[in-house]
Amino acid sequence: MILNNPLLNKLNKDLKFVYSDNDTLSIIFNNNEILMGVVGEFNNNLKELEKITETKIYSRGNSILVKSSSTKNELVKNAIIFLTDLLILNGSIEKKDIVSSINKFMINEKTDKKIEYIIKTPKKSVIPRSEKQKNYVRALRESDIIISCGPAGTGKTFLAVAVALTMLLDKKIERIILSRPAVEAGERLGFLPGDMREKVDPYLRPLYDSLYDLLDFEKIQKRIEIGDIEIAPLAFMRGRTLKNSFAILDEAQNATDTQIKMFLTRIGENSKIVINGDPSQIDLPNKSLSGLNRSKKLLGHLNEISVVDFDYSDVVRHPLVSKIVKAYSDQNKD
């Protein structure tokens, strides 16, 4: 459900909370349209929140009823406040927002602090969902070079693409360049048919997905056609100087030390370069050739370069992803 007027300066302050003796909390809405958006179609948002918090949540008239312990009732209360603010800020609620609603960072942050780091794109507003994501967004806006490492689902690529897109639309840069090493993820795919673009597109598909999530398909295609957005394999970067650009190297754990050095040294006037990767998912035949961790060690002390390390607690996909990442991480420590 999309609200007609998701303005930042009209955050909902009309929720009323009524506590009963039988550990029941009633959350009363004065605006039924907002209530419907928070509850979701067929009560799907409440069902998801109920599952995550292990509580009983019901929708009755203009109220949401929560029946659990006082501690969990407060958890759901804060989650509903967060989802209500997000609905008005962003116009919609996604499944991953339900997970974020019980994130301690999100419920402890004041709304004005969340607005400070909001990334407003034509299709949606993107809000950092953890302290490290907030630091990452700050680095993306303030630093010339950013190196971020961490597991899948922590928003490394999506947040970088969102910041880059807003800078392009605000005419602070002239071009976005998105790149990845063309390395197969543990499978031999053989020879791919088609011309050069058709051969490399499968490797670059996640970058397209991030763009389409933030701007209409037709507008993205037009930007690509006129060269405002360029998506290319890492090998195509050699010999270039990137001016007035925002360049992102994704899956950098599959780039060698030499390749990352080459990409970093493309930076020109009024440009930013972002290096993203997950050191636990190296697909190079010889994992020791990966240059991601080495780039952090060599360059992390430079003031112009920001390094952000994410972990399982920053995962904003399905709740199981965070648990899976933690399980593998714990096993590797043994």
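The values are calculated or read from the model by the stated rules, or taken from the named source; none is laboratory data. As the structure is a computational prediction, the values presented were derived from the model and not from experiment. Here the Cβ is made from the backbone with ideal geometry for all residues, glycine too, and neighbour counts use every protein chain on show.
Only helices (runs of 4 or more DSSP H) wholly contained in the stretch 123-221 count here; list those with 3 or more residues that are at pLDDT below 85 and more than 12 Å from the chain's Cα centre (by Cα).
Correct list: 196-212.
Those residues that are buried (at least 23 other Cβ atoms within 10 Å of the Cβ) and of a type in the set (Val, Ile, Thr), I need them from the stretch 260-272; list them, please.
Of everything in the stretch 260-272, just one residue is buried (at least 23 other Cβ atoms within 10 Å of the Cβ) and of a type in the set (Val, Ile, Thr), namely Ile260.
Quick one: in the stretch 39-77, of everything that is assigned to a helix (DSSP H, G or I) and among the polar types (S, T, N, Q), which residue is surrounded by the fewest Cβ atoms within 10 Å (Cβ to Cβ)?
For the stretch 39-77, the residue satisfying everything is Thr71.
In the stretch 37-88, what residues are acidic (Asp, Glu) and under 23 Å from the mean Cα position of the chain (by Cα)?
Across the stretch 37-88, the qualifying residues are Glu48, Asp85.
The conditions are (1) of a type in the set (Phe, Trp, Tyr); (2) at pLDDT below 95; (3) under 21 Å from the mean Cα position of the chain (by Cα), and Phe246 fails exactly one of them. Which is it?
Failing condition for Phe246: (2).
Given the conditions (1) among the β-branched types (Val, Ile, Thr); (2) within 22 Å of Met167 (Cβ to Cβ); (3) surrounded by 19 or more Cβ atoms within 10 Å (Cβ to Cβ), and given that Ile282 satisfies all but one, which numbered condition is not satisfied?
Result: Ile282 passes all but (2).
So in the stretch 133-150, with the set limited to residues that are among the hydrophobic types (A, V, I, L, M, F, W, C) and touching a residue at least 40 places away in the same chain (Cβ under 8 Å), which one is farthest from Asn303 (Cα to Cα)?
Selected residue: Cys149.
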